[in-house]
1. Quick check on this structure: which one of 183, 139 is part of a loop (DSSP other than H, G, I, E, B) and over 20 Å from residue 206 (Cα atoms)?
2. Evaluate region 224-235: report whether one residue or more is assigned to a loop (DSSP other than H, G, I, E, B) and either buried (at least 21 other Cβ atoms within 10 Å of the Cβ) or in contact with a helix residue (DSSP H, G or I) (Cβ under 6 Å, 6 or more places away or on another chain) (or both).
3. What number of residues within region 2-28 satisfy the criterion of being farther than 22 Å from residue 95 by Cβ and either under 15 Å from the mean Cα position of the chain (by Cα) or buried (at least 24 other Cβ atoms within 10 Å of the Cβ) (or both)?
4. Mind listing just one residue for me: the one in region 85-105 that is over 18 Å from residue 41 (Cα atoms) and in contact (Cβ under 8 Å) with a residue 40 or more places away in the chain and, of those, surrounded by the fewest Cβ atoms within 10 Å (Cβ to Cβ)?
5. Working only within region 236-246, note down all residues that are surrounded by 14 or more Cβ atoms within 10 Å (Cβ to Cβ) and touching a strand residue (DSSP E or B) at 6+ places or on another chain (Cβ under 8 Å).
6. Taking the condition of being under 16 Å from residue 212 (Cα atoms) and part of a loop (DSSP other than H, G, I, E, B), how many residues in region 186-196 meet it?
7. The conditions are (1) more than 22 Å from residue 57 (Cβ to Cβ); (2) modelled with pLDDT under 95; (3) out of contact with any strand residue (DSSP E or B) (no Cβ under 7 Å at 6 or more places or on another chain), and residue 175 fails exactly one of them. Which is it?
8. Out of (1) closer than 18 Å to residue 44 by Cβ; (2) surrounded by 16 or more Cβ atoms within 10 Å (Cβ to Cβ), what's the single condition that is false for residue 82?
């Protein structure tokens with residue numbers, strides 16, 4: 001049986017007249033989409049359009065909730081209470097689910113965005129809040145994120161998990177993502193991104209900024225839709241997977 005991988009992208013991250021990336025082209029390549037829910041990016045028109053395009057392309061639809069931080073694109077830490085995290089995530093799930101239902105589809109997963117996602121790896125109260133929101137909204141949803149505090153909290157509640165590897169982001173020796181303000185934190189070189197994606201899938205390791213290989217658990221390779229040249233990166237990764245006999249399919253079909 002061939003190796004399988006979910007190829008995902010964060011999409012729907014424009015706002016009003018402002019666009020971020022080429023979602024239509026990305027949706028011809030990926031098997032799942034994490035759709036912004038209006039807090040860090042996205043609005044009702046963009047959410048509806050993105051969901052409709054997911055349905056047209058047979059792409060799994062996931063919620064991509066973040067902090068209420070349009071100005072900072074959800075990449076700034078906001079000091080929230082666990083109840084605020086819980087209710088904000090629940091609110092965003094409900095918003096996206098309305099558009100998913102209206103388009104005759106189903107929501108398959110949740111993948112937290114940016115700083116919220118990073119903090120759920122380290123703060124058990126945030127991890128518990130996000131996992132509780134998913135469990136209370138729909139325990140059939142899968143939580144897709146990097147292995148850590150949130151996946152632990154999800155599994156304690158009996159929720160299914162998917163594990164993400166970030167092919168276009170640099171890792172430190174501690175297994176954490178290099179902060180975006182550090183030069184080289186976002187990887188634009190096509191061959192390097194492809195090589196990293198293949199190794200994550202076949203060897204379960206990623207090369208860090210110091211040249212060390214560290215383990216990474218992943219059944220999902222994530223590419224950021226707002227990365228420069230994102231579509232060509234995604235196409236290159238998809239072709240490399242096809243050439244290597246790695247089947248690309250959404251987690252919702254498993």
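1. Exactly one residue qualifies, and that residue is 139.
2. Within region 224-235, one or more residues are assigned to a loop (DSSP other than H, G, I, E, B) and either buried (at least 21 other Cβ atoms within 10 Å of the Cβ) or in contact with a helix residue (DSSP H, G or I) (Cβ under 6 Å, 6 or more places away or on another chain) (or both).
3. 3
4. 104
5. 237, 238, 241, 246
6. Total satisfying the criteria: 0.
7. (3)
8. (1)
The values are calculated or read from the model by the stated rules, or taken from the named source; none is laboratory data. All of these numbers come straight from a predicted model, not from anything done at the bench. Note that each Cβ is placed from the backbone with ideal geometry, even for glycine, and that neighbours are counted across all protein chains shown.
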